[in-house]
Amino acid sequence: MIFEGRNQIPYGYGRYGWTRANGKTWHGGQDIVGLDDLTVRAVEGGKVLRSRIVTDKRDRTWEWGNYVTVRTASGEQHIYAHLAERLVQVGETVAAGQALGVMGNTGNAAGGYRHIHFERRKPDGKTALDPSAKSGCANRVGTYGAAKIAPLSGEACVLSVGPASAGDVATMRALAASLQVACRDAGGMLSIGPVSPGDQVAVLTKAAALGLPVSASAAAKRIEIATPSLRVRTGPGTDEFKQVGSVKAGERYDVLDRCGSWYYIETPALDGWVSADFVKLV
């Protein structure tokens with residue numbers, strides 16, 4: 001698709017082949033809006049044939065404003081018009097998905113709203129082809145593609161997922177294993193990570209498909225026990241998780257995970273969860 005995330009054809013006159021003025025005006029492309037992204041990307045790789053803006057109104061291409069034309073390996077010409085900014089130069093080789101420009105409304109952009117006018121032509125550069133075969137958008141008003149999912153943090157963090165059913169827990173555990181990150185289950189509440197920003201997207205995508213809520217918390221680096229004796233439990237809570245041992249005032253531990261107001265630590269003798277209310281960060 002031209003934009004990452006959701007691509008939309010908002011108006012009927014943005015369809016390929018639309019006519020007005022008793023059929024005298026014909027729309028040779030699709031007018032597509034990026035709902036989640038402004039970056040215009042090549043739908044197919046090739047070589048940049050044109051990257052320019054025409055201001056002389058005797059040349060009909062002035063209506064395109066800033067535009068880029070890419071000649072594909074098959075010889076087809078793909079035109080990306082009304083750009084606010086062009087990011088490639090003539091002669092440059094581009095790959096599918098590479099940024100070509102920024103969505104805009106330069107030239108004679110129909111409706112005045114920001115969008116990309118995308119055309120597909122035969123190698124002669126004149127004969128129009130249906131652009132929907134390449135754009136990923138059907139030739140009708142609608143929204144296409146899935147919403148773009150961004151990481152919750154720009155740094156590695158722990159993701160809390162759930163509550164989840166036994167089946168969903170198994171699915172998320174399998175994903176964590178494939179990403180080679182830790183996954184701990186505390187009664188259907190999962191703590192996954194720490195996970196990198198890229199892996200966060202994978203976790204968020206899977207969780208969204210399962211309908212599971214996700215939140216992020218940056219794990220503290222190190223804590224010091226601030227009470228004479230602090231119970232260590234099997235999970236992040238008091239009533240449902242039994243005590244497996246205790247730690248003493250002044251002892252320091254690395255935090256391996258976090259779930260709400262509980263920290264997961266590992267000692268030479270045991271590992272488990274301690275309440276954040278009785279520790280201090282160091």
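Here, each number is a calculation from the coordinates, and none is a lab measurement. Since the model is a prediction, treat every value here as computed from it, not as a measurement. Glycine also receives a Cβ, built like all others from the backbone with ideal geometry; neighbour counts cover every protein chain displayed.
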Next on the checklist: Rounded to two decimal places and with Rh computed the Kirkwood way over Cα pairs, what is Rg over Rh for the range 85-136?
Outcome noted: 0.97
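Using only alpha carbon positions, build the gyration tensor of the range 157-217, then give the equivalent ellipsoid semi-axes as the square roots of 5 times its eigenvalues, largest first, whole angstrom.
Details: eigenvalues 45, 26, 24 Å².
Calculated on Cα positions only, the semi-axes equal 15, 11, 11 Å.
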Checklist entry - At q = 0.11, 0.12 Å⁻¹, what is the log10 ratio I(q)/I(0) for the range 182-264, with the Debye formula run over Cα points and no solvent? => result -0.36, -0.42
Next on the checklist: List the residues, sorted by chain then number, that are 5 or more residues from Asn66 or on another chain and whose placed amide H is less than 5 Å from its amide H.
Outcome noted: His82, Leu83, Thr106, Gly107
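So what's the net charge close to Val48: Lys and Arg +1, Asp and Glu -1, counting the other residues with Cβ under 11 Å from its Cβ? Before the final figure, lay out each step's value.
Details: positive: Lys47, Arg50, Arg52, Arg71, Arg86; negative: Glu92.
Value of the local net charge: +4.
Specify the longest stretch of the chain that does not include any exposed loop site, a site being one of the trypsin sites (Lys or Arg not before Pro) with a non-H, G, I, E, B DSSP assignment and at most 15 other Cβ atoms within 10 Å.
Here the longest segment lacking exposed loop sites spans 149-220.
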Checklist outcome for this item: Computed on Cα atoms, the radius of gyration and Dmax of the range 222-281 in angstrom are 10.0, 27
Next on the checklist: List the pairs from Lys206/Lys248; Lys57/Lys134; Lys57/Lys148; Lys47/Lys206 whose alpha-carbon separation is above 32 Å, in the order I gave them.
Outcome noted: Lys206/Lys248; Lys57/Lys148; Lys47/Lys206
Item to check | Spin-label proximity, Asp36 to the range 147-170 - amide N less than 16 Å from point 7 Å beyond Cα toward beta carbon | outcome: 147-153
Checklist entry - Going by alpha carbons, how many degrees (0 to 90, nearest 10) lie between the helix axis of 166-179 and the longest principal axis of the chain? => result 70 degrees
Next on the checklist: Can you sort Glu4, Glu251 from fewest to most other Cβ atoms within 10 Å of each residue's own Cβ?
Outcome noted: Glu251, Glu4
Item to check | Share of alpha-carbon pairs per 10 Å distance bin for the range 7-144, given as whole % | outcome: 13, 46, 36, 5, 0
Item to check | Residues Glu266 and Ala73, FRET efficiency given R0 of 45 Å [Cβ-Cβ distance, rounded to 0.05] | outcome: 0.25
Item to check | Order of Ser132, Ser74 - criterion: other Cβ atoms within 10 Å of each residue's Cβ, fewest first | outcome: Ser74, Ser132
Checklist entry - For the chain, what is the relative contact order in percent, using Cα pairs closer than 8 Å and at least 6 residues apart in sequence? => result 14 percent
Checklist entry - Can you tell me the Rg and Dmax of the chain, counting just the alpha carbons, in angstroms? => result 27.2, 87
